[in-house]
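A.B. asks: Sharing a structure with you now.
None of the figures in this text is laboratory data; all of them are computed from the coordinates on show. All values derive from a computational prediction rather than experimental measurement. Virtual Cβ from ideal backbone geometry, glycine too; neighbours counted across all protein chains shown.
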Amino acid sequence: VESWAYRAMECCIREMPGEMKVFPTMLMGGTDSKHFKTLAEETVRFSPLHFLPWQCMGVHGINECCNLDSIVWGAGFYCHFIENYV
């Protein structure tokens, strides 16, 4: 939580519309981030998408879905992050 990457992500989340809570947690499952550890000193595993509890049961499965508002917010997050922190 003291790395530049985590702090930049936290600041960016707080600058976005909405009342998002920011806290470190364990990520369940694997990500492709393991392939980037030789390219970057810091890797933050993060998804800006909000899933309802029933949607979590279908992740990577039949009828996987996400709310459109969540996708729009996520795209806005990545644009804001790239414009202000990269």
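A.B. asks: Within segment 69-86, which residues have the backbone N less than 11 Å from the label spot 7 Å out from Phe23 along Cα→beta-carbon, could you tell me?
C.D. replies: So the set is empty, nothing qualifies.
A.B. asks: Any chance you could list P(r) for segment 45-86, counting all Cα-Cα pairs in 5 angstrom bins from zero, rounded to whole %?
C.D. replies: 5, 22, 23, 22, 13, 9, 5, 1
A.B. asks: Counting alpha carbon pairs within less than 8 Å and at least 6 residues apart, what relative contact order, in whole percent, applies to the chain?
C.D. replies: 30 percent
A.B. asks: Under a point-charge model restricted to the Cβ atoms of Lys and Arg (+1) and Asp and Glu (-1), what is the dipole moment magnitude of segment 4-63 relative to its Cα centre, in debye to the nearest 20?
C.D. replies: 120 debye
A.B. asks: Please give, to one decimal in nm, the separation of the simple spin-label points placed at Ser33 and Met16, each 7 Å out from Cα toward the Cβ.
C.D. replies: 1.5 nm
A.B. asks: Ok, one more. Taking only the alpha-carbon atoms of segment 1-82, what semi-axes of the equivalent ellipsoid follow from 5 times the gyration tensor eigenvalues under a square root, in whole Å, largest first?
C.D. replies: Those come to 22, 18, 12 Å.
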